[in-house]
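The values are calculated or read from the model by the stated rules, or taken from the named source; none is laboratory data. Only a predicted model underlies this, so the values are computations on that prediction, with no experimental measurement involved. Here Cβ is always computed from backbone atoms with ideal geometry, including for glycine, and neighbour counts include all displayed protein chains. All accessible areas refer to the heavy atoms of the entire protein, side chains included, with ligands and DNA or RNA removed. Shrake-Rupley method; radii C 1.70, N 1.55, O 1.52, S 1.80 Å.
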Amino acid sequence: MSLTFDALLAAYRKQHGDQPQKTHDKRAAKLRSFAAVAGHTDAAAVTRQEVSRWKTAGLDAGKAPKTVNDGIVMLRPLWFWAMREGLLPHADNPFSHMAIKATKRGAPKRKGFTDEEAAMLLQAARREAGFLRWLPWVLAWTGCRLEEACGAMREDVREGGSAQHR
């Protein structure tokens, strides 16, 4: 019996409905990218060689090793879950041990703002309206990244207390 990638994602989503929509969308996008390289959408037919070709295709397209690894990290748990649920045969997960070994060399990490730069940005934000006014303050106050604050749901924001981590 064949299990398509779409059917696999739908079954996974039923049991993991508490995950943010953004996570489901990213996983679906990674699976579409993988299908384009593998040339099929049969979850049980996925091989390590296809995963390796997908990695190579991503690197050849100029993607950073971390971006390629993010795809593997998004799909590996999907296969483990499907095997536990009996949707896929208990075999070796084709995404296991396929991440690219990270090196410490490379581009230097981004530097944070100096106190003077931060003050200048926050003062400029006071002259704005809407999200351009309050978003820099939320970022400065909480220390979260722009993507974290912009992707936050109403339930993630608490008044007068600390946010709960999931």
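Scanning region 46-56 for residues that are out of contact with any Asp or Glu (no Cβ under 8 Å at 6 or more places or on another chain), part of a helix (DSSP H, G or I) and surrounded by 14 or more Cβ atoms within 10 Å (Cβ to Cβ) turns up GLU50, VAL51, ARG53, TRP54, LYS55. All conditions in (1) closer than 30 Å to HIS24 by Cβ; (2) at pLDDT 85 or above; (3) not aliphatic (A, V, I, L, M) hold for GLN123, with the sole exception of (1).
A single member of ALA91, ALA57, ALA43, ALA125 is under 28 Å from GLN19 (Cα atoms), hydrophobic (A, V, I, L, M, F, W, C) and touching a helix residue (DSSP H, G or I) at 6+ places or on another chain (Cβ under 6 Å), and it is ALA43. In region 12-53, the qualifying residues are those that are β-branched (Val, Ile, Thr) and under 15 Å from VAL73 (Cβ atoms), and the one that is modelled with the lowest pLDDT is THR23. Checking ASP70, ASP6, ASP18 one by one, the residue that is closer than 22 Å to GLY151 by Cα, open to solvent by 50 Å² or more (accessible area, probe 1.4 Å), assigned to a helix (DSSP H, G or I) and not basic (Lys, Arg) is ASP70 and no other. Cβ separations smaller than 6 Å between residues 6+ apart or across chains give the following pairs from region 31-43 residues that are more than 11 Å from TRP54 (Cα to Cα) to residues that are among the polar types (S, T, N, Q): THR41/THR4; ASP42/SER2.
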